[in-house]
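Each remark here refers to the structure printed beneath this line.
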Amino acid sequence: MEIEIKGASENNLKNIDVKFTDGLTVVTGISGSGKSSLIFNTLYHESNRRLIELFGYSRKWSSQRSSYKLSPAKVASITGLGPAVAVGQNLINRNPSSTLATASGLHPLLRLLYARFGVRKCPNCGADIIVLTQDEILNYLFGIVKEKPRVVYSQLVNNSLGSHKTLLKLLLEQFSLGDLFIDDKKWDGLQLNPNKQHKIFIKLAQIDSSTSFDDVRDIVLKSHLLGSNILQINTGKRVEKVSTVKSCVECGTWLKDIEPKYFHMVCPFCKRKGCKQCNNTGIHPFASSVFFSGLLITQLLTYSVKEALKLFEDTKILASTNRLLSEIIKRLTALKDVGLGYLTLNRSSPTLSRGESQRVRIALTLINQLEDVLHILDEPTIGQHVTNIIKFLPIFHKMPGPVIFVEHDRIAASVADNAIDLGPGAGSSGGSIIFQGSLSELWETDT
């Protein structure tokens with residue numbers, strides 16, 4: 001993509017002609033030399049105007065067209081110009097409810113992760129509740145069996161009164177006595193006390209790394225055909241239960257659906273101050289007992305970007321969560337790449353510096369990967385230490401499409417493929433192209 005400007009005369013620009021090619025182009029010059037007039041008041045302004053004009057002709061916008069119309073830039077012609085994204089310096093978000101997690105788009109993904117794949121705590125007995133579909137159980141079993149051998153049981157009765165004489169008789173016709181477990185012990189064949197609650201399990205199989213996917217599928221299907229909603233997976237002394245319905249695997253308490261919105265709602269009882277109903281989290285009680293990797297969402301949000309990234313990279317997940325987790329990791333990686341790995345996810349947006357706010361926007365640009373879009377950055381290294389600048393610069397090459405950045409720092413300018421220098425002075429003494437070419441040629445000039 002080549003963008004050519006002819007006869008630019010905005011503010012102090014002196015009817016200049018300039019070309020921008022693919023790759024990184026740095027625009028330099030002293031303050032007041034005309035950098036912003038060329039890049040923001042001419043190039044970006046005209047791109048924005050054309051986009052608005054394009055939508056302005058639609059029926060939907062026709063009644064509002066006059067309020068959106070912008071005056072053309074003071075230029076003879078601009079060719080090759082498409083949509084543009086500008087990341088300026090004045091980006092501080094004053095919304096007190098905004099955090100790094102919400103501003104970067106992480107919070108909606110985390111809410112969805114907790115709502116769909118979190119481990120719930122039973123409000124009655126405190127047991128862990130993992131609710132999965134049959135396909136998710138199948139993929140989960142086949143994934144973990146590669147680590148250690150497991151014994152799989154199907155739970156047919158969960159804390160139900162009765163002797164269950166008829167059920168046990170039918171089970172003995174299909175399974176051996178050694179495969180029947182009553183109240184977590186092998187059944188001795190004696191009649192059960194009808195006045196007590198009982199749990200009844202069937203040992204389905206012992207599986208290990210040699211077990212095929214088809215065999216694991218047959219095990220899950222057999223449990224389903226027995227009418228069971230709960231699978232128990234034993235690894236030595238460790239016991240894990242997964243369910244296909246929203247009920248407690250221990251006491252049978254039925255649970256309400258958890259929606260992602262609950263993880264962003266304030267507790268109605270304490271208004272975020274913390275109380276017994278919300279486990280002192282301040283969020284909606286429904287969301288205050290859901291864990292992922294052993295963490296409540298409020299605990300996860302106290303992690304830094306770097307810590308959260310390591311947590312998710314080390315997390316063993318179901319195949320169904322792959323896409324969601326990859327989106328979370330992509331955003332965390334982008335924030336880390338722009339030098340924000342030290343910030344916590346719950347960091348309030350208004351407390352970010354201008355440079356930090358700008359880098360959040362640059363991270364979002366990296367995430368979106370918009371093709372055929374011009375990216376314009378205004379002094380992206382402002383406020384950074386020289387060591388951080390060196391780490392930060394390589395990400396410019398990851399941005400798709402042409403990238404133009406206004407910069408004063410020589411180290412930052414050194415990563416560009418081409419350079420444009422305006423001057424020679426400021427105000428009426430500026431507005432002229434002093435140099436246009438490669439970086440190697442720029443260093444040899446006297447500008």
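Points to keep in mind about this one:
- FRET efficiency for the pair Thr351 and Asn48, taken as 1/(1 + (r/R0)^6) with r the Cβ-Cβ distance and R0 = 30 Å, rounds to 0.50.
- Region 17-54 residues near the modelled Ser77 label - backbone nitrogen below 17 Å, point 7 Å along Cα→Cβ: 17-20
- Dividing the helix sum by the residues of the chain, where each DSSP H run of 4 or more adds -39500 (n - 2.57), gives a mean residue ellipticity at 222 nm of -8000 deg cm²/dmol.
- DSSP beta bridge pairing in the chain, given as percent antiparallel to the nearest 5: 70 percent
- Stretching Glu147 away from Asn195 to a fully extended chain increases their span by 13.1 nm, per 0.36 nm per residue minus the current alpha-carbon distance.
- Cα centroid of region 110-141 to Cα centroid of region 281-336, whole Å: 15 Å
- Ordered by the count of other Cβ atoms within 10 Å of each Cβ, fewest first, Ser154, Ser209 give Ser209, Ser154.
- Nearest-ten-degree value, helix 213-225 long axis tilted from longest Cα axis of the chain: 60 degrees
- Spatially proximal lysines relative to Lys261 (Cα-Cα < 21 Å; intrachain offsets below 8 disregarded): Lys121, Lys246, Lys271, Lys273, Lys276
- Net charge over other residues, Cβ less than 13 angstrom from the Cβ of Arg238 (K, R count +1; D, E count -1): +1
- The angle between the Cα long axis of helix 45-56 and the main principal axis of the chain comes to about 60°, on a 0 to 90 degree scale.
- Calculated FRET value between Asp446 and Lys310, using beta carbons and R₀ = 60 Å, to 0.05: 0.75
- Listed pairs Lys148/Lys186; Lys196/Lys256; Lys237/Lys310; Lys14/Lys69; Lys6/Lys74; Lys203/Lys241 exceeding 19 Å between Cα atoms: Lys148/Lys186; Lys196/Lys256; Lys237/Lys310; Lys14/Lys69
- All other residues whose Cβ lies under 14 angstrom from that of Ser357 are scored, Lys and Arg at +1 and Asp and Glu at -1, for a net of +2.
Bear in mind that the values in this text are calculations on the coordinates, not laboratory data. Because the structure is a prediction, the values reported are computed rather than measured. With ideal geometry, Cβ positions are generated from the backbone for all residues, glycine too; neighbour counts draw on all protein chains shown.
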